[in-house]
Amino acid sequence: MFEKILIANRGEIALRIHRACHEMGIQTVAVHSTADADAMHVRLADESVCIGEPAPRASYLNAAAILSAAELTGATAIHPGYGFLSENANFAEMVEAHGFTFIGPTPEHIRVMGDKLAAKALMRDLGIPVVPGSEEAIEDIEVAMRTAEDIGYPVLVKAAHGGGGRGMRIATSPQEIRSAISIARAEAESHFKNGAVYLEKYLAKPRHIEIQILADTHGNVVHFGERDCSLQRRHQKLLEEAPSPALNADQRAEIGNLVSAGVANLGYRGVGTLEFLFEDGVFYFMEMNTRLQVEHPVTEMISGVDLVREQIRIASGAPLGYYQNDIHLQGHSIECRITAENAKTFTPSPGYIADYHAPGGLGVRIDSAIYAGYTVPPYYDSMIAKLIVHGRTRNEALMRLRRALDECVIDGIDTTIPLFQSLITDRDFVNGDYDIHWLERFVGLED
Ligand code: MV4
């Protein structure tokens, strides 16, 4: 097992990884920008190294500085967390080339999943249902027209190397195809430096359902069921829950087993998430994330498995040590991503936190790196805390979430707590009756 791990991240996820390391008797090295000298992830780590100026490019994305910090402190493995360098295949390659262990999948698996078309082709060949669409990037408008006729309108033009909904355009008829392609291509070119686009059947009211898997280097793969991440605003998730109110046990087992079998044939290692759109009882694979995800705690709460501990064990070559039959999903978990933003306008609200009180009690978990007297810097993601609850039933989890939100004190900055307080009284939400477009409407009605 590793003696010392460098955590190449900041905020709550750096703390989350530190906690798993310390429970395993592993020393931690924090890296930080000049803006984060007083951050909790630095205070709790055994050692820390300043790696640059506040701008992410200069610090948390600075691969050379991070490798130097590992060399300097004698860390033998690097955990990238989420965001930043976590899905950068070149970084994973550099880490290994310098003799460190990258706590994550192989660079090859990261790279192929970054190419949406290649990922879809791979998954289809592994027996996983994918969204119908073009199998290659669009080169010829006539071919694109024929593909669109085959799959049926409306169709969606998507960026092959995209993400976050950029480079996406709907075409509802043949007349709209040409312009949809050129607009999507231009957007993809400017945002991803790659103008490759492809076609998919447009699903009007799906849910976003993702399956968590874990694979060791001995060929064992297990799944932990799904998370429902349909509640998003501008492609940012606000609230996630597990299990999904929309799935039954048979549907869960069926997609879970398909995914596990596919991932076993991939020869994948570590944690992974397969994202699906789910409509009218049918799953359609969209993308695979090769990192630990923000919302991983809801899966931990219903499974009792520490996913970060498992990542570290797998990276060290240890076998899983349990089978699918040993995994029992219990109760219901909900996560709220609390951000430093105005709850009505979503205007960023960085600044000084004068007072802070975290809720607690049975079934309540806070993953956060804030403290009373902390100043939220303006340079990074606005998420300041994840409030995660667990209950025996969805209703118990909802009641617990309501009282935990009411207990929470974060003074000095605006937060999105009031938005969650209003969301959890909404009838549709309480009934679990929502799709990927529901939250934008709800937020629109709020102001
Ligand atoms: C789709 C879709 C409908 N049909 N693909 C948005 C981000 C990107 N990763 C995939 N996205 C979508 N792809 C087909 N064929 C609708 C969306 C979508 C969406 C997906 C998940 C969660 C929220 C969303 C909000 C708007 C659009």
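Structure notes:
- Matching residues in the range 213-235 - criterion: being more than 14 Å from the ligand (Cβ to nearest atom), touching a residue at least 60 places away in the same chain (Cβ under 8 Å) and open to solvent by less than 40 Å² (accessible area, probe 1.4 Å): Ile213, Leu214, Ala215, Asp216, Val222, His223, Phe224, Gly225
- For the range 275-309, the tally of residues that are under 24 Å from Asn90 (Cβ atoms) and either open to solvent by 30 Å² or more (accessible area, probe 1.4 Å) or assigned by TED's automatic domain parsing to the domain that holds Asn9 (or both) stands at 2.
- Candidates are the residues of the range 75-96 that are more than 15 Å from the chain's Cα centre (by Cα), open to solvent by less than 10 Å² (accessible area, probe 1.4 Å) and touching a residue at least 60 places away in the same chain (Cβ under 8 Å); the one that is nearest to Met113 (Cα to Cα) is His79.
- When we screen Ala180, Ala186 for residues that are in a helix (DSSP H, G or I) and crowded, with 20+ Cβ neighbours inside 10 Å, the only hit is Ala180.
- Qualifying residue in the range 189-202 (condition: modelled with pLDDT of 95 or more, more than 10 Å from the ligand (Cβ to nearest atom), open to solvent by 30 Å² or more (accessible area, probe 1.4 Å) and farther than 29 Å from Ala261 by Cα): no
- Complete set of residues in the range 153-171 that are in a loop (DSSP other than H, G, I, E, B), open to solvent by 40 Å² or more (accessible area, probe 1.4 Å) and near the ligand (Cβ under 10 Å from one of its atoms): Pro154, Gly164, Arg166, Met168
- The range 8-34, residues that are at negative phi, of a type outside the set (S, T, N, Q) and either part of a loop (DSSP other than H, G, I, E, B) or surrounded by fewer than 18 Cβ atoms within 10 Å (Cβ to Cβ) (or both): Ala8, Arg10, Arg19, His22, Glu23, Met24, Ile26
- Tabulated pairs, the range 319-335, first small (Gly, Ala, Ser), second assigned to a helix (DSSP H, G or I), C-beta under 7 angstrom, 6+ apart or interchain: Gly331/Ile302; Ser333/Val298; Ser333/Met301; Ser333/Ile302; Ser333/Ala397
- Count of residues meeting criterion [of a type in the set (A, V, I, L, M), within 13 Å of the ligand (Cβ to nearest atom) and more than 24 Å from the chain's Cα centre (by Cα)] in the range 104-152: 2
The values are calculated or read from the model by the stated rules, or taken from the named source; none is laboratory data. The structure presented is a predicted model; accordingly, all values stated were derived computationally and were not measured. Please note: Cβ atoms are built from the backbone with ideal geometry, for glycine as well, and neighbour counts cover all protein chains shown. With ligands, DNA and RNA removed, areas are computed over all heavy atoms of the protein, side chains included. Shrake-Rupley method; radii C 1.70, N 1.55, O 1.52, S 1.80 Å.
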